[in-house]
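What follows is a short report on a single structure.
The values are calculated or read from the model by the stated rules, or taken from the named source; none is laboratory data. Values in this document were obtained by computation on a predicted structure and should not be read as measured data. With ideal geometry, Cβ positions are generated from the backbone for all residues, glycine too; neighbour counts draw on all protein chains shown.
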């Protein structure tokens with residue numbers, strides 16, 4: 001499905017020293033398509049270049065934080081385009097991990113595949129009770145290529161990470177909290193993330 005030209009896939013909002021990057025295509029499950037990944041890179045670079053910005057929050061809309069790559073779109077890319085897409089994802093998520101600002105993933109709902117790699121690239125994950133996490137690639141005969149294979153075991157241990165990678169099981173917010181994938185479960189993760197930044201607790205991330 002082609003998105004309307006007047007509909008931006010990502011919106012940016014400023015709250016004092018905090019910048020909020022919001023995926024704004026819930027009708028498309030906020031999939032990390034070529035255009036969305038490009039917009040994410042541009043948005044994050046814009047925010048991180050702002051000297052007044054101390055904290056960057058990434059969140060979703062509707063019932064979805066973000067889904068993974070748009071595989072139907074990827075299947076129609078040339079080899080060169082597909083390589084560029086993969087490399088862009090690696091570059092964007094590495095930029096997020098290396099940002100001088102503190103970063104928070106405010107996970108409002110489904111967080112699947114490449115979007116889980118995105119959440120893992122942030123310093124903190126504050127999630128809704130409705131959050132759902134999964135790496136479904138094994139069911140499709142693929143594996144994530146945006147850092148998750150390295151980041152997930154470091155965060156939750158090899159046993160838990162291998163389970164997610166090899167079964168494609170979905171886990172809910174309470175299980176994510178139990179195994180250390182989520183730092184906090186709260187009714188309004190975006191509001192809570194903003195509070196963290198306002199209180200200056202970003203310093204202790």
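Summary table
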item: Options 85, 65, 133: the member that is under 15 Å from residue 32 (Cα atoms) and at pLDDT 90 or above; result: 65
item: Listing of strands (runs of 3 or more DSSP E) fully contained in the stretch 1-81 that carry 2 or more residues being touching a residue at least 12 places away in the same chain (Cβ under 8 Å) and under 13 Å from the mean Cα position of the chain (by Cα); result: 18-23, 55-59, 64-66
item: Condition met for residue 94 (in contact (Cβ under 8 Å) with a residue 40 or more places away in the chain, in a helix (DSSP H, G or I) and either surrounded by fewer than 15 Cβ atoms within 10 Å (Cβ to Cβ) or under 12 Å from the mean Cα position of the chain (by Cα) (or both)); result: yes
item: Helices (runs of 4 or more DSSP H) completely within the stretch 108-205 that count 3 or more residues being touching a residue at least 60 places away in the same chain (Cβ under 8 Å) and closer than 19 Å to residue 58 by Cβ; result: 114-121, 189-198
item: Residues being surrounded by fewer than 18 Cβ atoms within 10 Å (Cβ to Cβ) and either over 17 Å from residue 115 (Cα atoms) or in contact with a strand residue (DSSP E or B) (Cβ under 8 Å, 6 or more places away or on another chain) (or both) - total across the stretch 155-171; result: 10
item: Failed condition for residue 145, given (1) out of contact with any helix residue (DSSP H, G or I) (no Cβ under 6 Å at 6 or more places or on another chain); (2) at pLDDT below 90; (3) closer than 24 Å to residue 43 by Cα; result: (1)
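Condition check ((1) surrounded by fewer than 18 Cβ atoms within 10 Å (Cβ to Cβ); (2) under 19 Å from residue 137 (Cα atoms)) across all residues:
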| site | (1), (2) |
| --- | --- |
| 21 | no, no |
| 57 | no, no |
| 62 | yes, no |
| 68 | no, yes |
| 85 | no, yes |
